[in-house]
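The values are calculated or read from the model by the stated rules, or taken from the named source; none is laboratory data. What you see is a predicted model; the values in this text were computed from it and never measured. Here Cβ is always computed from backbone atoms with ideal geometry, including for glycine, and neighbour counts include all displayed protein chains.
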Amino acid sequence: MSRPPALPGAPFLARRADGVLTLEGHALDDLAARFGTPLYVYSRASMRAALASYEQALQGREHLVCYAMKANSSLAVLQTFADAGAGFDIVSGGELARVLAAGGDASRVVFSGVGKTPEEMRQALRAGVRCFNVESLPELDTLDAVARSLGCVAPVSLRVNPDVDAGTHPYISTGLKGNKFGIAHGDAVVAYRHAAALPGLRVVGIDCHIGSQITQVAPYLDALDRLLDLVEAVEAAGVAIHHVDVGGGLGITYTDEQPPAPAELVAAMLARIDARGHGHRELLLEPGRSLVGNAGVLLTTALVLKPGRTDEGGKNFCIVDAAMNDLVRPAMYQAWMAIEPCRGRGEPPLVWDVVGPVCESGDWLGRDRTLAIEPGDVLAVLSAGAYGMVMASNYNTRPRAAELMLDGEAVHVIREREAVADLFARERLLPPAR
């Protein structure tokens, strides 16, 4: 029997066999029947394969791949990458606690973020993180004071804003001068001199990040050139740089995007680094979405079909049990994500807007989708492994979804579905009125 073709937006393991949508060989509507919906389902094999594509491209080079865990911070996901030897890119003390709870090694953690608190700095120093990616001069001074108060020295890498346009959505662009991130390119040498003069700090590297869902190599090379220009200027000023951190942001296929494979991106960057004489430096990368995005789906059940008067400009609405609180990307970014029925139907399809029950007109998962669907059918939102569950909320007092991890024949519940009582368990009523 020939292998079923992969679906658009899920190039690793999501496939349709005899009309049934499967992930790692598991029928997705069967999983929905067993565990309920909304339901996130992930493929561990897909995550491992995605990480391996970076590791293989970097063989023979001193490097560290740090998973940008803001993409998906579920403990079993972190455990998967920790077991595979990955490092982690974190942006909060809470994320550090998750890494450690999942068995991650603090010495392989880089701490990014524009607003680290003194308590988070203390937490990270006590844990022994690899380095802090510092984003401002005031942060340098605060970290110096915190480190000295603990009697230690904080390893630092300065995140530099290279003012490179990654050509992505403005909400996920991070490398332009109008963004809040990083130290301005023109201020970097002065900032490095300042960091080197502080007794509580030790300079170890340089870092940049230009955005997310980047689908071309050219912006990375532009940023890398500006970064290497600074390395040369900083070392000429007497401050040594050990590692170069080129960040993350590589895109995935949601519809017709054709991002470069990790091997292609890494090869281009290594060639540029070698050509400029910096091949001796350790290279750090911070991929997030490209490691988990296509490894997950969100399953949802059709509740109501609400046909519109299309002759009067109305629309057909397929109302499902997942909503913007479960998956906010379409509402927040106007993101297009493929939506597929888990079992095919023979009748002619219609054009539907797939929407949730939340009381907001912005609560939609997909607009103008051609689907053959009936109430009770299960739909799969593809490429939902990144920025899905991690951004979920309890808006409208809706419990968050359960999560499954598929590992070959095994099906693991990695997060139980919330109960409504869980949502207000920590709230308190006022005393009785007098």
Counting only residues that are out of contact with any helix residue (DSSP H, G or I) (no Cβ under 9 Å at 6 or more places or on another chain) and among the hydrophobic types (A, V, I, L, M, F, W, C), region 275-313 contains a total of 6
Which members of region 101-128 meet the condition of being more than 22 Å from Ser149 (Cβ to Cβ) and without any contact (Cβ under 8 Å) to a residue 40 or more places away in the chain? Ala101, Ala102, Gly103, Gly104, Asp105
Within region 294-304, is even one residue modelled with pLDDT of 95 or more and surrounded by fewer than 19 Cβ atoms within 10 Å (Cβ to Cβ)? yes
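Any idea which of Phe132, Phe81 is of a type in the set (Phe, Trp, Tyr) and assigned by TED's automatic domain parsing to the domain that holds Arg202?
Testing whether each residue is of a type in the set (Phe, Trp, Tyr) and assigned by TED's automatic domain parsing to the domain that holds Arg202 leaves just Phe132.
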Just wondering, is there one or more residues in region 192-207 that are in a loop (DSSP other than H, G, I, E, B) and either crowded, with 17+ Cβ neighbours inside 10 Å or in contact with a Leu (Cβ under 9 Å, 6 or more places away or on another chain) (or both)? yes
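So that you can scan it fast, the table gives a plain yes or no per residue for (1) assigned to a loop (DSSP other than H, G, I, E, B); (2) modelled with pLDDT of 95 or more; (3) under 20 Å from Asp30 (Cβ atoms):
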site: Leu379; (1), (2), (3): no, yes, yes
site: Ala384; (1), (2), (3): yes, yes, yes
site: Tyr387; (1), (2), (3): yes, yes, no
site: His412; (1), (2), (3): no, yes, yes
site: Arg426; (1), (2), (3): yes, yes, no
Run Arg272 past the list (1) touching a helix residue (DSSP H, G or I) at 6+ places or on another chain (Cβ under 9 Å); (2) of a type outside the set (S, T, N, Q); (3) in contact (Cβ under 8 Å) with a residue 60 or more places away in the chain and report the number of the one that doesn't hold. (3)
If I filter region 346-360 down to residues being in a loop (DSSP other than H, G, I, E, B) and touching a strand residue (DSSP E or B) at 6+ places or on another chain (Cβ under 9 Å), which single residue comes out as modelled with the lowest pLDDT? Pro349
Looking at region 24-46, can you tell me whether even one residue there is more than 17 Å from Ile414 (Cα to Cα), part of a strand (DSSP E or B) and modelled with pLDDT of 90 or more? yes
Could you please give the count of residues in region 323-336 that are over 15 Å from the mean Cα position of the chain (by Cα) and within 18 Å of Ala380 (Cβ to Cβ)? 5
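Test Gly248 against the criterion of being closer than 24 Å to Arg159 by Cα, in a loop (DSSP other than H, G, I, E, B) and at pLDDT below 95, and give yes or no. Before the answer, list the steps.
Numbers: closer than 24 Å to Arg159 by Cα: yes; in a loop (DSSP other than H, G, I, E, B): yes; at pLDDT below 95: yes.
Yes, satisfied.
Can you tell me which residue within region 355-372, out of those that are aliphatic (A, V, I, L, M) and buried (at least 24 other Cβ atoms within 10 Å of the Cβ), is farthest from Lys315 (Cα to Cα)?
Leu365
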Suppose we keep only residues that are among the hydroxyl-bearing types (Ser, Thr, Tyr) and more than 23 Å from Leu58 (Cβ to Cβ) within region 86-145. Which one would you say is farthest from the chain's Cα centre (by Cα)? Thr142
Go through the residues of region 333-341 one by one and say whether even a single one is farther than 24 Å from Asp256 by Cβ, in contact (Cβ under 8 Å) with a residue 40 or more places away in the chain and in contact with a Leu (Cβ under 9 Å, 6 or more places away or on another chain). no
Report, by residue number, each residue of region 394-410 that is part of a helix (DSSP H, G or I) and either among the basic types (Lys, Arg) or surrounded by 11 or more Cβ atoms within 10 Å (Cβ to Cβ) (or both). Tyr395, Asn396
Within region 414-421, does at least one residue satisfy the condition of being in a strand (DSSP E or B), modelled with pLDDT of 95 or more and either aromatic (Phe, Trp, Tyr) or within 22 Å of the chain's Cα centre (by Cα) (or both)? yes
